[in-house]
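In what follows, a single structure is set out as structure tokens and then discussed.
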Amino acid sequence: MSIHISAKKGEIAKVVLQPGDPLRAQYIAENYLENAKLVSKTRGIFYYTGLYKGKEITVGASGMGFPSIGIYSFELFTEYEVDTIIRIGTCGAYNTDLQLFDILNIDKAASESTYAKYAWGIEDEILSHQGNIFNTINETAKDLSLNAKAINIHSSDIFYRKDPNTPEIATKYNCPAVEMEAFGLFANAQHLGKNAATILTVTDIIPTHEKISADERETALNPMMELALESAIKSL
């Protein structure tokens, strides 16, 4: 059995939505899933399985950073035979080309991290989404009249840094925003032959210091959650 997820075999669906925050997973389960059951709470990382429009979906947290999402996504893919993971999270924009509340469907994730290299021998510093779920998200966004921008993202090991300038790798690969998990998820999925996507909502504009308030986050992330759920059931 999994070391970090205590769900029994068969209690995790084939498609998993993976926010970073356990409380966001709980919010999705309570507001969007029918007959949601808490199937794991090891280390306070909640996983729920329930029905969305009659189809079984699991939602559970990844934690923050490559080490954390690396562990959880690997165990989901291998121990629970999950086919698809859709990360849903937030990001900060490096410039004002992006605006608060923008929804991003990540095409590729670039990183200085050694995670992929030392875990799986993957030398590339930019990795693509895996499988067809990226295209499904694009199509679903159109159906929902959402503007989901397909872009590259900088996946960083670092949240706080001395140099305030945009990191070189973000400029090199045309990454207008930054987060901390997509590269690790894509690396695991590439190694294991699984499907993986990342949908993000812009919550910070770094150069202008604009931020979505704590109260706004409660509702601001709902369109992203709904896009992920609708895409998830299409992939089943």
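The values are calculated or read from the model by the stated rules, or taken from the named source; none is laboratory data. It should be emphasised that the depicted structure is a prediction, and the values quoted were computed from it without experimental measurement. As a convention, Cβ positions derive from the backbone with ideal geometry for all residues, glycine included, and neighbour counts pool all protein chains shown. In case anyone asks, the SASA skips ligands and DNA or RNA and just uses the protein heavy atoms, side chains included. Shrake-Rupley method; radii C 1.70, N 1.55, O 1.52, S 1.80 Å.
Whether a residue is modelled with pLDDT of 95 or more, surrounded by fewer than 22 Cβ atoms within 10 Å (Cβ to Cβ) and within 27 Å of PHE74 (Cβ to Cβ) was assessed, and GLY184 does not pass this test. Can you find a residue that is part of a strand (DSSP E or B) and surrounded by fewer than 22 Cβ atoms within 10 Å (Cβ to Cβ) anywhere in segment 119-132? Among the residues of segment 119-132, at least one is part of a strand (DSSP E or B) and surrounded by fewer than 22 Cβ atoms within 10 Å (Cβ to Cβ), which makes the answer yes. When segment 187-215 is limited to residues that are open to solvent by less than 10 Å² (accessible area, probe 1.4 Å) and among the small types (Gly, Ala, Ser), the one that is nearest to the chain's Cα centre (by Cα) turns out to be ALA197.
Strands (runs of 3 or more DSSP E) fully within segment 1-108 that include at least 1 residues being under 18 Å from the mean Cα position of the chain (by Cα): 15-18, 47-52, 55-60, 84-93. Tally the residues that are in contact with a Lys or Arg (Cβ under 9 Å, 6 or more places away or on another chain) and open to solvent by 20 Å² or more (accessible area, probe 1.4 Å), restricting the search to segment 40-66. So the count comes out to 2. Filtering segment 216-236 to residues that are open to solvent by 70 Å² or more (accessible area, probe 1.4 Å) and either under 16 Å from ASP143 (Cα atoms) or in a helix (DSSP H, G or I) (or both) leaves GLU216, ARG217, GLU218, THR219, GLU226, LYS234. If you go through segment 133-159 and pick out every residue that is in contact (Cβ under 8 Å) with a residue 12 or more places away in the chain, outside any helix (DSSP H, G or I) and of a type in the set (A, V, I, L, M), you end up with 6.
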